[in-house]
Amino acid sequence: MAAAAPSQPTYLRTAFSGHSKQSACYIKKPFLNLPRKPLRYTRAVASTNGSKVDIPKQWYNLVADLEVKPPPPLNPQTHKPLHPEDLSPIFAEELIKQEISEDQYIDIPEEIIDVYRLWRPTPLIRAKRLEKLLDTPARIYYKYEGTSPAGSHKPNTAVPQAWYNAQQGVKSVVTETGAGQWGSALSFASSLFGLNCEVWQVRASYDQKPYRRLMMETWGAKVHPSPSTVTASGRKILESDPSSPGSLGIAISEAVEVAATNSDTKYCLGSVLNHVLLHQTVIGEECIKQLEALNEKPDLIIGCTGGGSNFGGLVFPFIREKIEGRMNPVFQAVEPAACPSLTKGVYAYDFGDTAGLTPLMKMHTLGHDFIPDPIHAGGLRYHGMAPLISHAYELGMMEAIGIPQTECFQAAIQFARTEGIIPAPEPTHAIAAAIREALECKKTGEKKVIVTAMCGHGHFDLVSYEKYLKGSMVDLSYSPEKLQASLAALPRVEA
């Protein structure tokens, strides 16, 4: 017997009429026979300079400490502030509560902390060999998130999202992924809690990184290249451009479409939204304690930015410390020169996806029609920036720069040959910026403390390294004409 149609806001019912569960191509798999009591994971607790550092017991919400609150998301039909119930066809109820919360701290359930113990706390490492290579007086630290099962920071939010959905009785989750790190993380988390998982992976990355797809499938996920023929959104894109490389915006449209039209399915997002950045603050909370144990205070904190989850997760707790007068670091967001939402985009209401199915969010955007060139940092190929990061940027709390990919990979090679870790293409942007700053310190003699987010390893990105090492990698930019055309299509929202 067919499942009853889910309750949807009007704009979702209109957009998705006629979509069926059969076209979603779900993998049918038995639910795990999970024990009544959660499994207990044991892991040695990381220490810094002999001092024990524990896994945080709470997530930190930056919104609580902002005197000027961020603009609300809007209903795309009425342009009025969105109501929580408008999101219920797509997201789990507890995640909606976290999305709109203004509480300063939110307790992390013990079941989630127990899974975090598989890899948390993550190490804070001083890059002494890189410092020596650069001959800099600066002290460079990197917070390494590549120790997670999926190899990146993404499980920090994938585990909570999967757990909350499972607690609500959801059977299946759907999502998008760029480089494959988020899709891998949600596939891993879904396997722990007996959820079906379906992933739309951006076509450019699907072709470049087949082992990420295999990793997702190993954890039980169904993976589609995006744009796909499975959804109306994907078919529309393919009709206009059969060779489309895809984008995160397109992949989001496809996943949201499936979630909105199937009552037992919810959508999970790997970046951009408040609750995602909230979960990632375990990174910054740990890092603060680790630096305290070393008697260090950062002068500059650097992170790569695509949708903003890694950057926000690291810097938001430090922004709190700066607001409260305990330290005074500069925060620097680093984005691809070919997809520069902060440095070249506009601050405006826009859709979070290409098809225009999501609520309108006030963010720095290149326009939801903007399709970035297929750079190797697939996880940063997003037209917009997290609304909360965009808001903080507008308030003057951080700065932003764009760096081309050849400079990033040059920095990655220097890092790999000194520190031993091969970075994913995304954090190479932060590494390149850290090297720039360290070389500037060499000129000035400043002994700055630089902290950077090393959000994942590049073991599945070696094709990109091969292109760089062979000299065939080129810097991609963006067409000003294409950008202007995309910005001209922004929704018209009255102030």
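Some notes on this structure:
- Global geometry of the range 319-432, whether rounded, prolate or oblate, following the gyration tensor of its Cα atoms and the 1.5 cut on a/c: oblate
- Cβ-based charge dipole, the range 377-466, positive-most Cα from ALA411, ALA386, PHE460: ALA411
- Calculated P(r) of the chain - Cα pairs past 29 Å, %: 45
- Cross-link pairs beyond the 32 Å C-alpha cut-off, checked among LYS143/LYS442; LYS442/LYS470; LYS297/LYS470: LYS297/LYS470
- Cross-link partners for LYS482 among the lysines, with Cα-Cα distance under 25 Å and sequence neighbours closer than 8 places in the same chain left out: LYS236, LYS344, LYS362.
- Mean sequence separation of contacting Cα pairs (under 8 Å, at least six apart), scaled by the length of the chain, corresponds to a relative contact order of 19 percent.
- Exposure of TYR349 as accessible area (Å², to 10), given a probe of 1.4 Å and all protein chains: 30
- Per residue, the average separation of C-alpha pairs within less than 8 Å and at least 6 apart gives the range 345-474 a relative contact order of 17 percent.
- Dipole-positive endmost among ALA64, GLY445, LEU87 within the chain (Cβ charges, Cα centre): GLY445
- With all protein chains kept in place, the per residue accessible area of the chain amounts to 39 square angstrom at a probe of 1.4 angstrom.
- Per-pair calculated FRET efficiency, R0 = 30 Å: SER477 and THR444 via Cβ, rounded to 0.05: 0.45
- Rg then Dmax, both in Å and based on the Cα atoms of the range 427-495: 18.9, 51.
- Per-residue ellipticity at 222 nm from helix content only, as computed over the chain with -39500 (n - 2.57) for each DSSP H run of at least four residues, stands at -11000 deg cm²/dmol.
- Put GLU292, GLU335 in order of accessible area, highest first, and with a 1.4 Å probe you get GLU292, GLU335.
- Sites listed here are GluC sites (Glu not before Pro) in the range 454-495 whose DSSP assignment is loop and whose Cβ has at most 11 other Cβ atoms within 10 Å: GLU494.
- Dividing the alpha-carbon radius of gyration of the range 183-295 by the rule-of-thumb value 2.2 N^0.38 Å gives 1.27.
- Expressed as a whole percent, the proportion of Cα-Cα pairs in the range 109-244 lying more than 22 Å apart is 49%.
- Accessible area of the chain belonging to carbon and sulfur atoms, whole % at 1.4 Å probe: 51
- With at most 13 neighbouring Cβ atoms within 10 Å, loop trypsin sites (Lys or Arg not before Pro) (DSSP) excluded, longest segment of the chain: 58-325
- THR418 paired with LEU118, simple spin-label distance in nm, labels 7 Å along Cα-to-beta-carbon: 3.3
The values are calculated or read from the model by the stated rules, or taken from the named source; none is laboratory data. Every value quoted in this text rests on a predicted model; they were computed, and no experiment measured them. Here Cβ is always computed from backbone atoms with ideal geometry, including for glycine, and neighbour counts include all displayed protein chains. Remember, those area values only see protein heavy atoms, side chains included, never the ligands or the DNA or RNA. Shrake-Rupley method; radii C 1.70, N 1.55, O 1.52, S 1.80 Å.
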